[in-house]
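Written below as structure tokens is the structure these notes are about.
The values are calculated or read from the model by the stated rules, or taken from the named source; none is laboratory data. As the structure is a prediction and not an experimental result, all values here were calculated from the model. Reconstructed Cβ throughout: ideal geometry from the backbone, glycine too, with neighbour counts over all protein chains shown.
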Amino acid sequence: MTSDDLSAAAAGSWTLGDLTVNRIGFGAMRLPQLGRAFEPGAVPGDRDRAVGVLRRSVELGVNHIDTAAFYFSALRSANELINRALSPYRDDIVIATKVGPGRDPSGEWLDHAGPGQLRGQVEENLRQLGRDHLDLVNLRVLGTAPVAERFGVLAELREAGLIRHLGLSNVTPEQLAEAREIAPVVCVQNMYGIGVRPDQDAFVRHCGEQGIAFVPFFSIAAAGKEGGTTGEESPEVLAVAEAHGASPAQVRLAWTLHRGPHVLAIPGTGNPAHLEANVAAGALRLSEEGLALLEGVHRAGEASGEE
């Protein structure tokens, strides 16, 4: 496949409410800085390069971009970069953002965001992105506390026209059920990947049965999380990659997409070559033998209790 043939549409599409997106999207978390995301003193990423990556992603058919107001470094903000790169926005571009526990302007993490703070976070995302409404807002949740009051605030903002669709991030099936009693939920964002949170398998299937998108984060980075890939890879993933002429990261993305037509990928990068490789993974069809090998790696994560 040449770069001219690349298209995010090769992975197929899914509908978030009334918004159709290609299943290969783009995560903006890593755009503002080099190295580990959110690390104090991280070197800001190159602005022009980040803008170029965002514009190239859209050229390649990516129309689902995941961001948050707390994705920032000392000099860069993911939302500001998105605004600069893509505004005025095409009608088919869907920007998903998150509110809830995040970081304050100094970069310190906050472990709670009450109902009174959520409207301010929504308005901050609107300001930074230069939008009059947000396509999709995910309520980020820490722990297993009830979500009804906080989700109810977002439901009110949806009724007021500031938000088009609602989702949830880092939640349990019980919290999803609670939120759905208040307003429709179009997606769930949870950590998931090969060998990462295999206990989520049933939840992934449940979301599909309910017509809800499941959007894994850290599906490539796995245990590396915000730091990205660790450079260590299992022999099974390496073998499948070699058999398909692909990279381990592409195999991980392809496996994720194989979990169901409702599963969306949002790999993030500030590297143009990595962007093209991620998009190309949407056209990768893993063999039955390869899938069996990867399932063994995934189940091993369950046995070890890895999360």
Segment 173-208, subset in a loop (DSSP other than H, G, I, E, B) and closer than 26 Å to residue 240 by Cα, residue nearest to the chain's Cα centre (by Cα): 192
Tell me the residue from 182, 163, 194 that is surrounded by 14 or more Cβ atoms within 10 Å (Cβ to Cβ), out of contact with any Leu (no Cβ under 7 Å at 6 or more places or on another chain) and of a type outside the set (S, T, N, Q), please. 182
Give the residue, chosen from 197, 252, that is basic (Lys, Arg), touching a residue at least 60 places away in the same chain (Cβ under 8 Å) and under 28 Å from residue 33 (Cβ atoms). 197
Take the residues in segment 1-29 that are surrounded by fewer than 16 Cβ atoms within 10 Å (Cβ to Cβ) and not β-branched (Val, Ile, Thr), then tell me which one is modelled with the lowest pLDDT. 1
Which residue, of 56, 49, 23, is touching a Ser or Thr at 6+ places or on another chain (Cβ under 8 Å) and either of a type outside the set (Phe, Trp, Tyr) or within 22 Å of residue 129 (Cβ to Cβ) (or both)? 23
Which residues, counting only those in segment 30-72, are buried (at least 23 other Cβ atoms within 10 Å of the Cβ) and of a type in the set (Lys, Arg)? 30
Specify which of the listed residues (136, 126, 142, 81) is within 18 Å of the chain's Cα centre (by Cα), in contact (Cβ under 8 Å) with a residue 24 or more places away in the chain and assigned to a helix (DSSP H, G or I). 81
Any residue that is at pLDDT below 90 and among the basic types (Lys, Arg) - is there at least one of those in segment 84-97? no
Among the residues that make up segment 294-307, is at least one of them within 19 Å of the chain's Cα centre (by Cα) and not hydroxyl-bearing (Ser, Thr, Tyr)? yes
